[in-house]
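**Q** What follows is a single structure, and I will ask about it in a moment.
The values are calculated or read from the model by the stated rules, or taken from the named source; none is laboratory data. For clarity, every value in this text was computed on a predicted model and none was experimentally measured. Neighbour counts run over all protein chains shown; Cβ positions are idealised from the backbone, glycine included. These area figures cover heavy atoms from the full protein model, side chains too; ligands, DNA and RNA do not enter into them. Shrake-Rupley method; radii C 1.70, N 1.55, O 1.52, S 1.80 Å.
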Amino acid sequence: MGTDSRAAGALLARARTLHLQTGNLLNWGRLRKKCPSTHSEELRDCIQKTLNEWSSQISPDLVREFPDVLECTVSHAVEKINPDEREEMKVSAKLFIVGSNSSSSTRNAVDMACSVLGVAQLDSVIIASPPIEDGVNLSLEHLRPYWEELENLVQSKKIVAIGTSDLDKTQLEQLYQWAQVKPNSNQVNLASCCVMPPDLTAFAKQFDIQLLTHNDPKELLSEASFQEALQESIPDIQAHEWVPLWLLRYSVIVKSRGIIKSKGYILQAKRRGS
């Protein structure tokens, strides 16, 4: 592991961007030894094991090239959707903006998900509320740049339907009235409210917005937890230089049977100052 770690550390010291993708977690086999108790634990575990697996397979050619963009993946777990089966699958994603204030992150994430899965279009993308400062309430202004990019992706047929997460009735109404492409769903975290708020339920019913539930934490991936995972997997690295920009979690479900065929994470991080 020592030599692997040194090679990985040398590559990360020169690269500007890191693309990390887990591949289909259902294909991990021996990598998946324990059942994580939370989404955050699962994600951190996935990041570390992907980094470990990638660093153990670095070719001498890659070290000689020192690429600007590193593609870090568990190669045996990568699984594209068979084009003949595409119509039978529902491809959904949830996008978490972590350390980016650029709406282009939305397009990058969707483009990368399509490429990873071998599809031209995602059926549904839900955007988690973007990070805001403590004590500040989420407003339409925070969401607007990301939503506009999602609308562009719907218009260019990269996404079929777009949705939101954790908006209350007032926030959802403001977005609905302003948006050109209306949200077709809104996720509600049942940890924060055991019963759907009646005003939200009534508004969603009136405008045909599906209310879904989720149990993601408010911050699925923090800058600090990403850097810790990076440091533990690759000790020969200045982990504090790396900032995660966005994280996308996807699932592929067989429509007729409701079973999960594939699920995984894709993440983009940048080195500070690059």
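**Q** Return the residue satisfying two criteria in turn: it lies in segment 109-121 and is more than 14 Å from the chain's Cα centre (by Cα) and among the hydrophobic types (A, V, I, L, M, F, W, C), and of such residues it is least open to solvent (accessible area, probe 1.4 Å).
**A** Ranking the qualifying residues of segment 109-121, first place goes to VAL119.
**Q** Are any residues in segment 97-107 open to solvent by 60 Å² or more (accessible area, probe 1.4 Å) and within 14 Å of ILE266 (Cα to Cα), and if so, which ones?
**A** ARG107
**Q** Which one is modelled with the highest pLDDT, of the residues in segment 31-53 that are open to solvent by 60 Å² or more (accessible area, probe 1.4 Å) and over 17 Å from GLN231 (Cα atoms)?
**A** THR38
**Q** What number of residues within segment 217-260 are surrounded by fewer than 19 Cβ atoms within 10 Å (Cβ to Cβ) and either touching a Pro at 6+ places or on another chain (Cβ under 8 Å) or not aliphatic (A, V, I, L, M) (or both)? Working first, answer last.
**A** Residues of segment 217-260 surrounded by fewer than 19 Cβ atoms within 10 Å (Cβ to Cβ): 217-219, 222-225, 228, 231-232, 235-236, 238-241, 243, 251, 253-260.
Remaining after also requiring either touching a Pro at 6+ places or on another chain (Cβ under 8 Å) or not aliphatic (A, V, I, L, M) (or both): 217-219, 222-223, 225, 228, 231-232, 235-236, 238, 240-241, 251, 255-258.
Adding up the residues that qualify gives 19.
**Q** Of the numbered conditions (1) at pLDDT 95 or above; (2) touching a Phe, Trp or Tyr at 6+ places or on another chain (Cβ under 7 Å), ARG271 fails exactly one; give the number of that condition.
**A** (1) is the only condition that ARG271 fails.
**Q** Here is a follow-up. Can you find, within segment 54-64, the residue that is farthest from LEU25 (Cα to Cα) among those that are in contact with a Ser or Thr (Cβ under 8 Å, 6 or more places away or on another chain) and open to solvent by less than 40 Å² (accessible area, probe 1.4 Å)?
**A** Ranking the candidates gives SER55 first.
**Q** Counting only residues that are open to solvent by less than 10 Å² (accessible area, probe 1.4 Å) and assigned to a loop (DSSP other than H, G, I, E, B), how many does segment 8-30 have?
**A** The total comes to 5.
**Q** Could you check segment 104-156 and list, in sequence order, the residues that are closer than 23 Å to GLU85 by Cα and of a type in the set (Asp, Glu)?
**A** Answer for segment 104-156, where residues must be closer than 23 Å to GLU85 by Cα and of a type in the set (Asp, Glu): ASP111, ASP123.
**Q** Check LYS94, LYS90 and return the single one that is open to solvent by 60 Å² or more (accessible area, probe 1.4 Å) and either in a strand (DSSP E or B) or touching an Asp or Glu at 6+ places or on another chain (Cβ under 7 Å) (or both). First the steps, then the outcome.
**A** On the way: LYS94 fails: open to solvent by 60 Å² or more (accessible area, probe 1.4 Å).
On inspection, the qualifying residue turns out to be LYS90.
**Q** Every residue in segment 122-145 that is within 16 Å of the chain's Cα centre (by Cα) and either surrounded by fewer than 21 Cβ atoms within 10 Å (Cβ to Cβ) or part of a loop (DSSP other than H, G, I, E, B) (or both), please.
**A** ASP123, SER124, ALA128, SER129, PRO130, PRO131
**Q** Turning to a different aspect of this structure: Among the residues of segment 166-177, are any modelled with pLDDT under 95, among the hydroxyl-bearing types (Ser, Thr, Tyr) and open to solvent by 20 Å² or more (accessible area, probe 1.4 Å)?
**A** no
**Q** I'd like to check something: does segment 1-20 contain any residue that is among the aliphatic types (A, V, I, L, M) and modelled with pLDDT of 95 or more?
**A** Taking every residue of segment 1-20 in turn, at least one turns out to be among the aliphatic types (A, V, I, L, M) and modelled with pLDDT of 95 or more.
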